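Enquirer: Got a structure for you, written out below as C-alpha cells; questions coming shortly.
No lab work stands behind these numbers, since they all come straight from the coordinates. Here the structure is a predicted model, which is why all the values come from computation and not from measurement. Cβ placement follows ideal geometry from the backbone for every residue including glycine, while neighbour counts extend to all protein chains displayed.
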Amino acid sequence: MNQHAVSSNPIPQPPFQIVSQLQQSGYARIGKKQIGRDDSFNRALNLLERQFEKLPSDTPAATSRRFRSICGYTLLPSGHLLPGVVANDLQPVRFFDYYPYASKSCQLALGQNAQEKTNINNGWPNNPALKYLIAFDHQLLPKIPDWRDHPLQVFVQLLRYAPTSGAPAIARPNCFHQDGCPFLFHHHVKSQNVSGGCTVLADPSAVERHPCDVPEESIRELCWMEQPLDSLAIADQRIAHHSSLVEIDREGEDAYRDVLIIQFSPQTTDHSYTIN
Ligand SMILES: [Fe+2]
C-alpha cells in the first residue's frame with residue numbers, strides 16, 4: 001500500500017495482470033474488488049451517485065436522453081491534483097487544446113460541448129471517491145518516460161443515460177471512435193431498470209463505423225459493465241470504442257445508467273508522443 005497525494009485514502013498497488021493486459025492488449029477489465037474500497041470511500045461514492053440525479057441535459061443532443069457534467073484537473077508529477085483547465089467557473093473546458101487526434105465524429109460531439117462550465121472548487125469535483133478513482137487509474141498508466149516530469153491533464157465526465165418509453169438513450173458519437181486522449185477509463189457507477197449500454201471495443205480501423213458495419217474480426221471484446229465499479233481501461237490510440245443503446249426495461253419506472261469517464265492526457269504542446 002502506498003499513500004497518494006490525490007486522495008487521503010491509501011491506493012492499492014494495481015494488480016500486475018491489469019497493467020500487463022493494458023500494455024499487451026490496449027485495454028483491461030477492472031473488477032470492483034480490485035479497486036479496493038473502504039467505508040469512507042463508500043460514503044463518498046454514495047454522495048457522488050446523487051450528483052448524477054442533478055446533471056444538466058447534454059444540450060446539443062437533448063433527444064438522446066443523455067445528461068452530463070465535465071470537469072478538468074491538472075495532475076502534477078508529485079501526485080497532487082490541481083484545478084487546471086477550469087480555473088474558475090468563468091473559464092470553459094477547452095477540449096481541442098488537449099485532444100489533437102480525436103476521431104472526427106468525436107471532435108464534433110466534444111466541440112458542441114466546449115462551452116460547458118463547471119466550478120471545480122465546489123461540489124462533485126472535490127468528491128473524495130472521485131479523487132481516489134483518479135489516483136487508482138493513474139497508477140495503472142504504463143510508465144511512459146516522457147510523462148514522468150510533466151503534468152497530466154485529467155478530464156472527468158459524469159454521464160447519465162436515462163431512456164424513456166420509446167426514447168432510448170444514445171451515446172455520442174454513435175459509432176466507433178477514439179476520444180483523442182491517450183488513456184481513458186470507464187467506471188460503471190449505478191444503473192436501474194435498463195438494458196444495453198455495452199461498451200464494444202474494436203481495432204482502430206473500425207473508427208467512424210457502427211458495429212453493424214464492422215467485420216467480426218475487427219471486434220475485440222463486448223464489455224458488459226453491470227455491477228457498481230465494473231471498470232474498463234483503454235489505450236485510446238490502440239483501441240476504438242462504442243457504447244450501445246440504453247433502453248428502458250419497465251415502463252413507468254425510473255430508468256438510468258450512470259457512468260464515470262476519466263481521461264488522461266499529457267499537458268504539453270508537443271502531441272507527437274506515441275503509445276505503443
Ligand atoms: Fe468515447
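Enquirer: For H177, H188, what ranking results if the residue with the fewest other Cβ atoms within 10 Å of its Cβ goes first?
Expert: So the residues, fewest neighbours to most, are H188, H177.
Enquirer: Now, a different point. By how many nm would the segment from D39 to S195 lengthen if fully extended, with 0.36 nm per residue of separation less the alpha-carbon distance?
Expert: Stretched fully, the D39-S195 segment lengthens by 53.2 nm.
Enquirer: Taking a 21 Å limit on the Cα-Cα distance, which of the listed pairs K32/K54; K131/K190; K143/K190 fall beyond it?
Expert: Exceeds cut-off: K32/K54; K143/K190.
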